[in-house]
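Peer 1: Quick one: the structure is below, and I'll ask about it shortly.
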Amino acid sequence: MTKPKPRVIYWFRTDLRLHDSPALKAALDLEPECLYPIWTWDPHYVYRARVGPNRWQFLLDCQSDLSASITKLNKKSKLFVIRESPTTLFPKLFKAWNISHLVFEKDTDAYARDRDNEVTEIAKKAGVQVITKVGRTLYDPDELVKQNHGKPTMSISQVIKAGEQIGQIPRPIPAPASLPDPGDTSLNFKQDHPSSEPDINAPQRNSSDQSYAHLAGPQGDFSVPTYDELGLKPSTTPHHGGETAALAALDKIISNTKYTATFEKPSTAPTAFEPQSTTLLSPHLHFGSLSCREFYWRAQDVVDNFKQGTASHPPTSLTGQLLFRDMYFGAQAALGHKFGQAYGNPSCRSVPWHLPSKVNEDTGLVVRDGGGGGGVEYSIDSSTAETWFQRWKYGCTGFPWIDALMRQLRQEGWIHHLGRHAVACFLTRGGCYVDWERGAAVFEEWLIDHEPACNIGNWQWLSCTAFYAQFYRCYSPISFPQKWDKDGAFVRKYVPELANFPAKYIYEPWKAPIADQKAAGCLIKSIDEEGEDGELDLSPWKKEIVAEKHEANGAQNGDEKKEKESMNIYPKPMFDFPSRRTTCINALKNAYRVGLYGNDQKVLDGTWRDLFPDEAEGPTSTADVEAMHDADAHGEFVHDAEGHEGLHEKDHSPVGRKRKEHGQGTLDGHVKRTKT
DNA sequence: ATGCTCGTTGAGACT
DNA sequence: GAGTCTCAACGAGCA
């Protein structure tokens, strides 16, 4: 008796490619009678993960390109996009299509693991065999953890050591030359509609969300959704997704053997644009439109054939970048949901930042609903910190380097790695003393290459709560960009108000004499001088980004012309950087001395904050306070003195009010030591 | 133990 | 302009 041939669903997720897909190969090795390449529209991504229009665009690009590539291999086939949650869809789909096997690439993201376990149970019940293969990382993150003695991989040397135990990174697998037919695709069942509540992506839409209006899309042909169907605001990124584009970009990079072999991340310019100084392949790695192993071996082969002894090495080399990615995946694989937050995380230091996340006491996880599009909910312990956070987010801090980066991020969905360092340091340990989880949430929303593990890991790194501890190494928003871009071309592009400023003042425009400001067509003013009754008015910066990039050179409407004729306004810096740096470094020093991690009992029960006096983050010496008053932007810096209100009670006082500072003392006298 | 080096990407003064 | 040292000082790993 011959066994019936397998009827296989290949479930695409973050592996939107045909080349080097071990899971797809496993599906094809079954020699199936039929193969259904599908995408299920997961409500977690639609409603619960923060996804801005630019990343949506990139995803749809990847899906469209993949679907076309599948059709090239088999005219009857395509990427069948089904609008339903995988957990409700699969039981019905297995039956309707008489499926014997479900194949997908292994995913170790905390959420994805839960979902995949659930789907695997569903398949088991339906008598469907599940096959998974690793292909998203160089090594299987679980294997990496196992070889790292069961511990999260917290340094690159641990990854290298564990990797040596595992063995060589697999060589890439060629794309298939043909694909089997799909079977009958009729859907003889009713669609289950997922709950859209809470919908943290509501702010990303400008028309009604039709994501789940039709099981197989408005035409009933399983096509990739359009922007209309998803109700999304238009994207503004110039970067596009898709395997075809990814492989072409990789070819171009690899063909430059010197660039490939001698790449050193720390010496690539974060101020470079058109072209950028790094590869911009990260969004492709996230969506799987490029295999990381393809990237690794193409780069490694160039290195191996390069002039002896002149190639760069991990961790700064191109392959080193991929090892860092694996490191973060390994940390996440070991820690699960706790990796994404400080609370309860044994590998993450507890620091009494401003704007801390709220925690659900039952689950021990941060509260991830925040109706109104906030994502993770947080306490506003300090109105000044909240103002600083909003000004950081919308690129109106008054520090041109920071503002240029944040505007590039919001508009294009990508900024250079060192630019991410600069803005992350500024928000957390090197300026605002705001919780890294606030910054991570903004990156989650805006980055087209948002990789949960890498984003979380890098924010922990930059805030010196994990992976990195040299908190006294602090990025200056003035000296750091000057290293690469003396003239400020980058600032001029992304902060056009300052386009005509003299290079001498481009990173510190508040120092320019009024005559120079007038000559450059831009006045430097306190934001709150601008608004009515002293209220902060960030609206000029918060307003929607229209896709003006492509139209700007064409017809301008009357309003825009008028605006051009009048004087531009750019804000004064929202605080004195040198004094804030001193304050933050001392606060970090203190937090390190207290030495608590997220899983400490005192952290879990909330009593840990008593170990930090009100002055925990405030100025630490009289000299600092004086320095602030001497600083240029008079009045503004008095805000520094607040932040002493303690972190528990909410502060409902109006944003931007000036306050008198309390008496100051050095930190040391207030600190109870927990380490001996 | 205690001291040393090293760690993907600091700033600033100096040679 | 590139390299080197100091500033103040972190943890991990090693001898």
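Peer 1: Please compute the length gained on full extension between A:Ala96 and A:Lys542, using 0.36 nm multiplied by the number of residues separating them and subtracting their Cα-Cα distance. Display every interim value, and only then the final one.
Peer 2: Numbers: separation 446, 0.36 × 446 = 160.56 nm, distance 4.84 nm.
Between A:Ala96 and A:Lys542, full extension yields an extra 155.7 nm.
Peer 1: Quick one: check the C-alpha center-to-center distance for the range A:254-276 versus the range A:1-51, whole angstrom.
Peer 2: Cα centroid of the range A:254-276 versus Cα centroid of the range A:1-51: 35 Å apart.
Peer 1: Hey, another quick one. Of the beta bridges DSSP finds with both residues in chain A, what % are antiparallel, to the nearest 5?
Peer 2: Working: 5 of 27 bridges.
If we restrict to bridges inside chain A, about 20 percent are antiparallel.
Peer 1: Would you mind getting the Kirkwood hydrodynamic radius of the range A:113-217 from its Cα pairs, rounded to one decimal in Å? Don't skip to the answer; put the middle values down first.
Peer 2: Numbers: mean 1/r = 0.0523 Å⁻¹.
With all distinct Cα pairs of the range A:113-217 included, I get 19.1 Å.
Peer 1: Using the Karplus equation 6.51 cos²θ - 1.76 cosθ + 1.60 (θ = phi - 60°), what ³J(HN,Hα) coupling, rounded to whole Hz, does each residue of the range A:290-305 give in order, writing x for Gly and Pro?
Peer 2: 10, 7, 5, 6, 4, 4, 4, 6, 4, 5, 5, 5, 5, 4, 5, 9
Peer 1: Now, a different point. Percent of Cα-Cα pairs per 10 Å bin, from 0 to the last occupied bin, for the range A:427-478, please list those.
Peer 2: Calculated P(r), rounded to whole percents: 26, 53, 21, 0.
Peer 1: Rounded to the nearest angstrom and ordered from largest down, what semi-axes does the equivalent ellipsoid of the range A:362-484 get from its C-alpha gyration tensor (root of 5λ)? Present the calculation step by step, with values, prior to reporting the outcome.
Peer 2: Values: eigenvalues 98, 53, 47 Å².
Result for the range A:362-484: semi-axes of 22, 16, 15 Å.
Peer 1: With a ≥ b ≥ c the root eigenvalues of the C-alpha gyration tensor of the range A:63-128, is it rounded (a/c under 1.5), prolate (a/b larger than b/c) or oblate? List each step's numbers first, then the result.
Peer 2: Values: a/c = 2.21, a/b = 1.43, b/c = 1.55.
It is oblate, given that a/c is not under 1.5 and a/b is not larger than b/c.
Peer 1: For a quick check: with amide H placed at 1.01 Å from N, whose amide H comes under 5 Å from A:Asp381's, ignoring anything fewer than 5 positions away on the same chain?
Peer 2: Close amide H contacts, sequence-distant or interchain: A:Leu355.
Peer 1: Would you please give the FRET efficiency between A:Ser479 and A:Ile380, computed as 1/(1 + (r/R0)^6) with r the Cβ-Cβ distance and R0 = 30 Å, to the nearest 0.05?
Peer 2: Details: r = 32 Å, r/R0 = 1.07.
Plugging the Cβ-Cβ distance into 1/(1 + (r/R0)^6) gives 0.40.
Peer 1: Tell me the label-point distance for the pair A:Gln165, A:Asp142, using the 7 Å Cα-to-Cβ offset, in nm and rounded to one decimal.
Peer 2: Distance between the two pseudo-spin positions: 1.6 nm.
Peer 1: Against the longest principal axis of chain A, how steep is helix A:452-462, in degrees 0 to 90 to the nearest 10, with axes from Cα atoms?
Peer 2: That helix lies at roughly 30 degrees to the long axis.
Peer 1: Determine the gain in length on full extension of the stretch A:Asp362-A:Gln129; use 0.36 nm per residue of separation and subtract their C-alpha separation, reporting nm with one decimal. Walk me through the numbers on the way to the answer.
Peer 2: Working: separation 233, 0.36 × 233 = 83.88 nm, distance 3.51 nm.
Result for the pair: 80.4 nm of gain on full extension.
Peer 1: In addition: Cα gyration tensor of the range A:284-339, axes a ≥ b ≥ c as square roots of the eigenvalues: rounded (a/c below 1.5), prolate (a/b > b/c) or oblate?
Peer 2: On the way: a/c = 4.11, a/b = 1.89, b/c = 2.18.
Cα axes put the range A:284-339 in the oblate bin.
Peer 1: 7 Å from Cα along Cα→Cβ at both A:Phe189 and A:Arg593: what's the point-to-point distance in nm?
Peer 2: The modelled label-to-label distance comes out at 6.2 nm.
Peer 1: Students often check this: by mean Cβ neighbours within 10 Å, which of A:449-458, A:600-609, A:583-592 ranks highest, and how do the rest follow? Show your work: numbers first, answer last.
Peer 2: Working: A:449-458: 22.8, A:600-609: 14.4, A:583-592: 21.3.
Ranked from most to least packed, the peptides come out as A:449-458, A:583-592, A:600-609.
Peer 1: Normalised by the number of residues in chain A, what is the relative contact order in percent for Cα pairs under 8 Å and 6+ residues apart? Walk me through the numbers before you get to the answer.
Peer 2: Details: 1236 pairs, mean separation 97.1, N = 676.
Relative contact order, chain A: 14 percent.
Peer 1: So, one more: Using amide H atoms built 1.01 Å from N in the peptide plane, name the residues 5+ places from A:Lys525, or on other chains, whose amide H lies under 5 Å from its own.
Peer 2: A:Tyr570, A:Lys572
Peer 1: Once phi is turned into θ = phi - 60°, what whole-Hz ³J(HN,Hα) does the Karplus curve with 6.51, -1.76 and 1.60 give for every residue of the range A:485-490, x standing for Gly and Pro?
Peer 2: Once θ is set to phi - 60°, the couplings for the range A:485-490 become 9, 4, 7, x, 4, 5 Hz.
Peer 1: Follow-up. What is the Rg over Rh value, at two decimals, for chain A, using alpha-carbon atoms and the Kirkwood definition of Rh? Please report the intermediate quantities before stating the final value.
Peer 2: On the way: Rg = 26.1 Å, Rh = 26.7 Å.
Value, to two decimals: 0.98.
Peer 1: Kindly express, to the nearest 10 degrees and within the range 0 to 90, the angle between helix A:156-166's C-alpha long axis and the longest C-alpha principal axis of chain A.
Peer 2: The two axes meet at around 10 degrees.
Peer 1: Could you give each residue of the range A:435-440 its phi-based ³J(HN,Hα) in whole Hz, using Karplus coefficients 6.51, -1.76, 1.60 with θ = phi - 60°, and x for Gly or Pro?
Peer 2: Working through the residues one at a time gives 3, 4, 5, 5, x, 4 Hz.
Peer 1: Relative to the Cα centre, what is the charge dipole magnitude of chain A, using +1 at the beta carbon of each Lys and Arg, -1 at the beta carbon of each Asp and Glu, and rounding to the nearest 20 debye? Please report the intermediate quantities before stating the final value.
Peer 2: Working: 78 positive and 89 negative charges, 406 e Å.
About 1960 debye.
Peer 1: Placing unit charges on C-beta atoms (Lys and Arg positive, Asp and Glu negative, everything else neutral), compute the dipole magnitude of the range A:10-86 about its Cα centre in debye, rounded to 20.
Peer 2: Values: 11 positive and 9 negative charges, 62 e Å.
Approximately 300 debye in magnitude.
Peer 1: Let me ask something additional. Between A:His240 and A:Thr316, what is the FRET efficiency for a Förster distance of 30 Å, r being their Cβ-Cβ separation, to the nearest 0.05?
Peer 2: Details: r = 28 Å, r/R0 = 0.94.
With a Förster radius of 30 Å, E is 0.60.
Peer 1: I would also like to ask the following. Nearest 20 debye, what's the magnitude of the dipole of the range A:1-136 about its Cα centre given +1 on Lys and Arg Cβ and -1 on Asp and Glu Cβ? List each step's numbers first, then the result.
Peer 2: Numbers: 23 positive and 16 negative charges, 64 e Å.
About 300 debye.
Peer 1: Using amide H atoms built in the peptide plane, which far-off residues or other-chain residues are under 5 Å from A:Leu365 H to H?
Peer 2: Those qualifying (amide H under 5 Å, at least 5 residues apart or on another chain) are A:Asn360.
Taken together, the values in this text are just the output of simple stated rules run on the coordinates, not laboratory data. Worth saying up front: this structure is predicted, and the values here are computed from it rather than measured. Neighbour counts are summed over all protein chains in view; Cβ atoms, including those assigned to glycine, are modelled from backbone coordinates with ideal geometry.
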